[in-house]
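The structure appears right after this line, and notes come after that.
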Amino acid sequence: MGKIWSFIHKLGSPKWFYGISARLMPWFWTAAVVLILAGSVWGLAFAPQDYQQGNSFRIIYVHVPAAFLAQSIFVSMAVAGLIFMVWKIKVADMAAAMMAPLGAAMTFIALFSGAVWGVPTWGTWWMWDARLTSMLILLFLYLGVIALRGAFSSRDSGSRAASVLAMVGVINIPIIKYSVDWWYTLHQPATFSVTSRPAMPMEMWAPLLIMVLGFYCFFIAVTLMRTRSEILRRESNKRWVREIAGEQG
Amino acid sequence: MPSIDTRMSEGRQGSDGEPRGGLLVAVWATLKRDLTLLMRRRSEVLNPLVFFALVITLFPIGISPDPELLATIAPGLLWVAALLAALLSLDSLFRSDYEDGSLEQLLLTPQPLAMLGLAKVAVHWLLTGLPLALMAPLLGIMLALPSGSYLTLAFSLALGTASLSLIGAIGAALTVGLSRGGVLLSLLVLPLYIPVLIFGAGAVQAAIMGDGAAAHLAILGALLALSLMLAPWAIAASLRISING
């Protein structure tokens with residue numbers, strides 16, 4: 001137990017985090033590249049065609065992992081915000097700041113791939129489908145958090161404001177999701193549904209699982225990398241950062 | 001009329017000079033002070049109502065004056081317009097207090113800031129949400145809203161705008177220290193308003209169809225209970241960030 005606590009305490013130190021992340025990052029990058037490559041090749045070339053949608057269903061191998069990440073990143077951003085607000089751990093805030101644009105990008109990818117998928121399946125680019133709608137709202141939540149952080153002239157206030165908003169948002173996400181689901185069933189008869197397909201055979205969902213894992217590794221690797229540069233930027237007046245900069249010329 | 005300062009000191013002086021009856025007195029004083037201040041700036045109270053009426057006027061002009069078409073979209077139009085009107089008034093919720101320094105005094109009081117913030121939100125609802133709810137049936141007549149749904153419209157708006165005021169106050173507290181917080185405020189708050197809009201407009205539509213408006217109203221009440229429980233803490237934390245920043 002003592003070891004775990006000292007590990008957590010050490011994580012709060014930017015210098016220590018900088019060191020440990022340098023050792024972890026290559027593993028996550030390798031895993032991300034291998035998993036995404038394997039999943040893509042398997043999913044795009046070897047998985048069987050869908051008997052209703054033909055080849056167009058293969059967009060699922062980008063769409064679903066992106067949608068997974070879009071939601072998970074918001075939750076991890078709120079958790080990082082909570083850690084920052086309660087224990088004043090700056091690394092948590094740096095990570096949260098770096099996660100927000102990635103999460104917004106993933107939400108956009110999920111929306112865009114959903115729209116592209118909509119053309120062959122629904123015959124239109126956009127439907128006010130419950131999931132598409134709640135994804136769109138999630139994108140607005142991300143944009144709000146990013147804009148709020150940028151609006152403050154003092155970095156510390158911006159960090160704390162963004163943390164509060166991320167926590168408020170994460171409480172609201174399930175409420176928004178369920179109310180949009182309710183609204184959808186109330187107003188629109190489900191003429192087309194992606195979910196009503198029969199359960200996927202193993203050859204279809206195994207590459208999907210690999211892709212999801214690959215995307216998660218990608219997210220961790222990118223967050224570690226970007227947090228490292230943010231540490232250097234924010235701690236640029238510290239001696240250990242200057243020493244690193246000195247070493248590299 | 002005795003000034004607020006003497007009222008506060010009346011409550012604070014116990015027999016042994018210790019503060020007494022602190023919380024209720026402070027909340028009551030905040031309520032009275034904000035009501036008095038807002039009643040002296042009537043235009044600020046009237047503006048959202050005029051905005052509401054104006055926006056509703058735009059829709060028949062922009063879409064079609066056909067009563068049948070208007071009747072089908074009226075519940076949504078009324079709710080969206082009322083929501084925007086409530087949003088419009090949010091920016092001034094903490095603004096003048098921030099500028100003249102009374103917000104800092106609120107932070108310094110021994111009473112919990114969450115409760116005092118709640119009192120300010122209550123005043124905002126009394127002078128924005130409630131008038132909007134009372135005015136909505138009138139505009140409903142102009143939009144040919146089917147009869148039988150007027151009471152539900154007013155009630156759902158009264159219930160829903162209370163949640164809107166609470167959620168919106170979090171955004172107002174976060175942006176009060178920013179010079180151009182108005183546009184940002186709408187970006188922060190509007191996504192969080194969507195559940196209230198869904199069940200509010202849904203209640204009116206259900207009343208028109210004649211089934212289950214009560215279920216929608218019950219969920220609106222549940223949303224209000226949840227935001228009553230959680231929003232004051234977020235408002236207090238946000239005010240602290242804005243003051244110290």
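The values are calculated or read from the model by the stated rules, or taken from the named source; none is laboratory data. As the structure is a computational prediction, the values presented were derived from the model and not from experiment. Note that each Cβ is placed from the backbone with ideal geometry, even for glycine, and that neighbours are counted across all protein chains shown. Each accessible area value is taken on the protein alone, full model and side chains, heavy atoms only, with ligands, DNA and RNA left out. Shrake-Rupley method; radii C 1.70, N 1.55, O 1.52, S 1.80 Å.
Observations, loosely collected:
- Backbone phi angles across the stretch A:209-216, fed through the Karplus curve with coefficients 6.51, -1.76 and 1.60 (θ = phi - 60°), yield HN-Hα couplings of 4, 4, 4, 4, 4, x, 5, 5 Hz in residue order; Gly and Pro are listed as x.
- Taken over the stretch B:17-76, the ratio of Cα radius of gyration to 2.2 N^0.38 Å equals 2.04.
- Carbon + sulfur, % of accessible area of the protein assembly as shown - ligands and nucleic acids excluded, 1.4 Å: 69 percent
- Taking label positions 7 Å along the Cα-Cβ direction at both B:Leu130 and B:Ala215, the computed distance is 3.2 nm, reported to one decimal.
- The alpha-carbon of B:Lys120 sits under 18 angstrom from the alpha-carbons of these lysines, leaving out residues fewer than 8 places away in its chain: B:Lys32.
- Among the chymotrypsin sites (Phe, Trp or Tyr not before Pro) in the stretch A:113-160, those placed in a DSSP loop whose Cβ has at most 16 other Cβ atoms within 10 Å are A:Trp125, A:Trp126, A:Trp128.
- Sorted on the mean count of surrounding Cβ atoms within 10 Å across their residues, most packed first, peptides B:178-187, A:77-86, B:157-166 read B:157-166, A:77-86, B:178-187.
- Residue-span extension gain [A:Ala206 to A:Val75] - 0.36 nm each, minus C-alpha spacing: 44.6 nm
- For chain B: Kirkwood Rh in Å [reciprocal of mean 1/r, alpha carbons]: 19.0 Å
- Put simply, the convex hull of the Cα atoms in the stretch A:16-247 casts, on average, a shadow of 14.6 nm².
- 3J(HN,Hα) from dihedral phi, the stretch B:50-59, Karplus parametrisation 6.51/-1.76/1.60, rounded to Hz, x for glycine, proline: 5, 4, 4, 4, 5, 4, 5, 5, 5, 5
- For A:His63, B:His124, the ranking by accessible surface with the largest value first comes to A:His63, B:His124, using a 1.4 Å probe.
- Note on chain A: Lys pairs 8 or more places apart or on different chains, Cα atoms under 26 Å apart, count 11.
- Partner shielding of B:226-238 amounts to 2, given as the average count of beta-carbon atoms from other chains within 10 Å of each residue beta-carbon.
- Rounded to the nearest 20 debye, the dipole magnitude of the stretch A:16-247 is 760 debye, with +1 charges on Lys and Arg beta carbons, -1 on Asp and Glu beta carbons, and the Cα centre as origin.
- Dipole magnitude (debye, nearest 20) for the protein assembly as shown, charges at Cβ of Lys, Arg, Asp, Glu: 1500 debye
- Here the protein assembly as shown is treated as a Stokes sphere of Kirkwood radius computed over C-alpha pairs; at 25 °C and 0.890 mPa s its diffusion coefficient rounds to 96 µm²/s.
- Interchain or long-range residues, amide H under 5 Å from A:Ser154's placed H: none
- Charges were assigned to the Cβ only: +1 to each Lys and Arg, -1 to each Asp and Glu. The resulting dipole of the stretch B:4-244 about its Cα centre is roughly 260 debye.
- Estimated FRET transfer efficiency when R0 is 41 angstrom, pair B:Glu68-A:Leu143 (beta carbons, to 0.05): 0.60
- Gyration tensor (alpha-carbon) shape descriptor, the stretch A:6-98, a/c threshold 1.5: oblate
- Within 10 Å of the Cβ of each residue in B:165-178, the mean number of Cβ atoms contributed by other protein chains is 3.
- Average accessible surface for the stretch A:16-247: 49 Å² per residue, computed with a 1.4 Å probe over protein heavy atoms with every protein chain in place.
- Of the trypsin sites (Lys or Arg not before Pro) in the stretch B:33-93, the ones in a loop by DSSP (not H, G, I, E or B) with at most 16 other beta carbons within 10 Å are B:Arg41.
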